[in-house]
Amino acid sequence: MKVGFFLIAALLVSKFQAQNIVLNSLQVVQQRALSNNISIQQSEINQKLARADQRLAVSGYLPSVNLAANSDYNINLPVQLIPSEFFGGQPGTYQEARFGRDWNSTATVDFSQPIIHADKYAQIKAAGYSKEEAKLNQESLKRQILQRVSMQYLSILVLQESLKLNQELDSTATALFESTKARFERQLVSQIDINRAENLMHQTKQQTNQIAGNLKLALINLSVSLGIPAEQKIEIQDRISNYQSENTQVNLPEISQLQVTNRPTVKAAEQNVMASQWKYRQQTYAMMPKLSLNSRYSFSSQGDNWLGSGSNNFDYGSVGVSLSMPIFKGRSNALNIKKALYQLENARLQKEQTVLNASQELQEWQIRLNEKNTSKQLAARRDEMARETLNLSLQSYDQGVITLDALFNIYNEYVLARNSLVQNTADAAVYKVYLDLEK
């Protein structure tokens, strides 16, 4: 019985562990986002839709063949009065003549080939640029998703480090309270001091609880970005210190000049301008003459029985060209041209704004990376000194050398220094990732 119980428990544990997804590096997170993120999958579908639109535009210039067939049964055939003298009868008298037969069947094949349709040609060109725009927008979206999941992942590492720090502070604050309580029992400190020490202990525990809650929410958000179902849990086997080594400075003018025009957002804006340009031409060309090659072949059968013997069969066909040109459509053509022109102007302005935004964003990332790398080095030294000072201060407080107020100030300095190092490390890693994605 016990063996069966332990076997079931082992199976349940192994099943639970199998549901956990282990993430041990930023690269693993990015690869999973590329393969599982729902927004990226939707952008791939949008790109396929753009390719389909282009093929539809091309198909409008290809030959078209249409087959039509019908068969009618005449319940009552039309009757016409004809002068009898046509049949050798007496003048002034008439005879009834029935036209047609009971069954009339027809089959027709129509063939059409556009020869000169300038608007369809413009539509094909516009669809081609729109397809390229969709492709570049997908690439831009991928970068945005990778930026977002990278920030989420590094924020989780910061929260994990903050949770460890606060758990250490919990122990320190508890030890401080016990020490103050012991001194209070020896009447070495006042009731005010022991109250403040107890409040500090509760404060750190509240902060730990809050950070733990924030960490759980951050893991849920990351799961959504990575397309991970709710029943699966994420296990992070990584530390923010693994992204602490690089302190390279960035050459601002060189990188900015190199990368702005190569960004997918800028290229997509350029393709949008070209597509809008051809859409404007499409509306303009709609006013031009259209020349097409047309051909038709028809087969007809008339008889007293449906396609039976004794039916009269005949066929006919034609080949020719057709010319059409719109003259007036209630100003719809003129309004469509004006609308397309506005869209073209808007696309050009959007491109200019995209270039400005791209330049500003890249320069901001570079400036922030340099700043965070410098601050990170200063924060590391600050953290080292604050930790040493705190350890010495705790000893001095136990010996009655410093007051509780002084210890509180040193305690807060250590917390600020530690958090500053963790946050600057994460920020530098984020901006480094942003710039790496632009390469």
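Points to keep in mind about this one:
- Put simply, when 86-96, 100-110 are sorted by average Cβ atoms within 10 angstrom per residue, most first, you get 100-110, 86-96.
- Once the Cα atoms are used to define both axes, helix 332-398 deviates from the longest principal axis of the chain by about 20 degrees.
- Taken as Cα centroids, segment 321-347 and segment 167-236 sit 69 Å apart, rounded to the nearest whole angstrom.
- Only helical runs count toward this figure. For the chain, summing -39,500 (n - 2.57) over DSSP H runs of n ≥ 4 and dividing by all residues gives -23500 deg cm²/dmol at 222 nm.
- Between 0 and 90 degrees, the angle of helix 118-185 with respect to the longest Cα principal axis of the chain falls at about 20 degrees.
- With one equal scatterer per alpha carbon and no solvent term, the Debye-computed log10 I(q)/I(0) for segment 139-206 at 0.11, 0.29 1/Å reads -0.45, -1.10.
- Relative packing of peptides 408-417, 157-166, 74-83 - highest average C-beta neighbours within 10 Å first: 157-166, 408-417, 74-83
- Acute angle (nearest 10 degrees) that the helix 26-36 long axis makes with the longest principal axis of the chain, alpha-carbon atoms: 30 degrees
- Approximate spin-label separation ALA68-ALA107, in nm, with each point projected 7 Å along Cα-to-Cβ: 1.7 nm
- Potential lengthening of the chain between ALA212 and GLN399 amounts to 63.9 nm, from the contour at 0.36 nm per residue minus the alpha-carbon distance.
- Portion, in percent, of the accessible area of the chain that falls on carbon or sulfur, probe 1.4 Å: 54 percent
- With a Förster radius of 60 Å applied to the beta-carbon distance between ASN312 and LEU34, the computed FRET efficiency rounds to 0.30.
- When all alpha carbon pairs of the chain are counted in 20 Å bins from zero, the resulting P(r) reads 16, 28, 24, 16, 10, 5, 1, 0 %.
- Extending 7 Å from the Cα toward the beta-carbon at both ARG239 and PHE299 defines two label points whose distance is 8.5 nm.
- Comparing Cα centroids, segment 112-164 and segment 356-381 end up 26 angstrom apart.
- Unsatisfied cross-links (Cα-Cα over 23 Å) in the set LYS216/LYS372; LYS205/LYS233; LYS120/LYS338: LYS216/LYS372; LYS205/LYS233
The values are calculated or read from the model by the stated rules, or taken from the named source; none is laboratory data. Small disclaimer: the values here were computed from a predicted structure and weren't measured. Note: ideal-geometry Cβ built from the backbone for every residue, glycine included; neighbour counts use all protein chains shown. Calculation scope for accessible area: heavy atoms of the full protein, side chains included, ligands and nucleic acids excluded. Shrake-Rupley method; radii C 1.70, N 1.55, O 1.52, S 1.80 Å.
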